[in-house]
Amino acid sequence: SRSLPLFMVLAWIYTVSMLVKDIVYEKEKRLKEFMRVMGLSNGIHWFAWFITSFVVMLFIIIILCIVLKYGKITTYSDLSVLIVFFTCFTIATITQCFLISVFFNRANLAAVVAGIIYFLLYLPYTILVNYTEVILPWQKFLASLSSTVAFSYGCELLAAFELQNQGINWNNFYKSPFTSKDGFSLNSICLILLLDAFIHMVLTWYIENIAPGEYGIPRKLYFPFQPSYWCGESCASKCKMPSFRKPS
């Protein structure tokens, strides 16, 4: 429960740094703008990066879960549940890399800072774990908006079920191993990780539009409320034109 989150964060720092570096490199060399001129939409661009990163990380996850299951670390846990849990963490991690990348225009600087930020986001858990008995559910939820903290809480649940000689499986996937009624199960942790991923993508979409970098054209802060953003300039102009009736 204490070592696994730390090892995962340390092991993926290089992967996170390289992913952020590759994304920012496209921005630095104006490759992204060139692809947009050719007709590539922003959504397809991010989706392609997600698929590329997810396929590589999924292969690593499967190997890791096999080692945890058959290496007598999580002996009683179900392999498929472990894969689902780690997959949710991977999705949150990838989208977190997307969010970090929008703040940089230089690839090398982004790679260094991304690794530091990724590790710093884990540190709140090392403090909160000392206040497990007094922390409130809503405080735990807010802390879990950091995906590494949510993953650490999930590892706590894995360890607790292993100590009970039943492990995590689909029968107790929606249950908490602790007597305290905080309502946190592995199912809720996975949902929080997916919520983190959604928040990361929304922030990425918004920040990239208002601060696109050196070569982009920034939009206004309230652009999501402009009809022209969603339906184009022609549609927005039609909505603004008053309608006049011909006299009978």
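The values are calculated or read from the model by the stated rules, or taken from the named source; none is laboratory data. Just so we're clear, the structure is a prediction, and the values are computed from it rather than from any experiment. Please note that ligands, DNA and RNA were not included when accessible areas were found on the heavy atoms of the full protein model with its side chains. Shrake-Rupley method; radii C 1.70, N 1.55, O 1.52, S 1.80 Å.
Work out Dmax and Rg for segment 66-187 from the C-alpha atoms and quote the Rg first, both in angstrom.
Both quantities, over Cα of segment 66-187: 16.3, 50 Å.
Going through the DSSP H helices of the chain, which span 30 Å or more along their own axis at the Cα atoms while scoring at least -1.0 as a mean Kyte-Doolittle hydropathy? Working shown, then result.
Details: long enough: 3-28 (37 Å, 0.91); 42-70 (42 Å, 1.98); 79-101 (33 Å, 2.08); 186-210 (36 Å, 1.50).
The answer, listed by residue number, is 3-28, 42-70, 79-101, 186-210.
D for the chain, whole µm²/s, Stokes-Einstein with Kirkwood Rh over alpha-carbon pairs at 20 °C and 1.002 mPa s: what number? Don't jump to the answer; show the numbers that get you there.
Numbers: Rh = 20.3 Å.
Answer from the Stokes-Einstein relation: 106 µm²/s.
Above 20 angstrom, tally the Cα pairs of segment 1-92 and express them as a % of all pairs, no decimals. Numbers along the way, then the final one.
Numbers: 1992 of 4186 pairs.
Looking at segment 1-92, the distances longer than 20 Å represent 48 percent of pairs.
Rg and Dmax in Å for segment 115-184, alpha carbons only: what are they?
12.8, 38
Hey, can you find the accessible area per residue of the chain for me, probe 1.4 Å, expressed in square angstrom? Don't skip to the end; give the middle numbers.
Values: 14190 Å² over 248 residues.
Using a 1.4 Å probe on heavy atoms only, each residue of the chain averages 57 Å².
What part of the accessible area of segment 1-111, given as a whole %, is carbon or sulfur when the probe is 1.4 angstrom? Mind showing how you got there, number by number?
Working: 3990 of 5660 Å².
Of the solvent-accessible surface of segment 1-111, carbon and sulfur hold 70 percent.
List the relative contact order of segment 114-181 as a percent without decimals, with contacts defined as Cα pairs under 8 Å and 6+ residues apart. Before the final figure, lay out the partial values.
Details: 25 pairs, mean separation 16.6, N = 68.
Rounded, it is 24 percent for segment 114-181.
Just the C-alpha atoms of segment 45-111: what Rg/Rh do they give, with Rh taken as the Kirkwood radius?
Numbers: Rg = 15.0 Å, Rh = 13.5 Å.
Rounded to two decimals, Rg/Rh equals 1.11.
Relative contact order for the chain: what percent, with Cα pairs under 8 Å and sequence separation of 6 or more? Spell out each step's value before the answer.
On the way: 259 pairs, mean separation 65.9, N = 248.
That works out to 27 percent.
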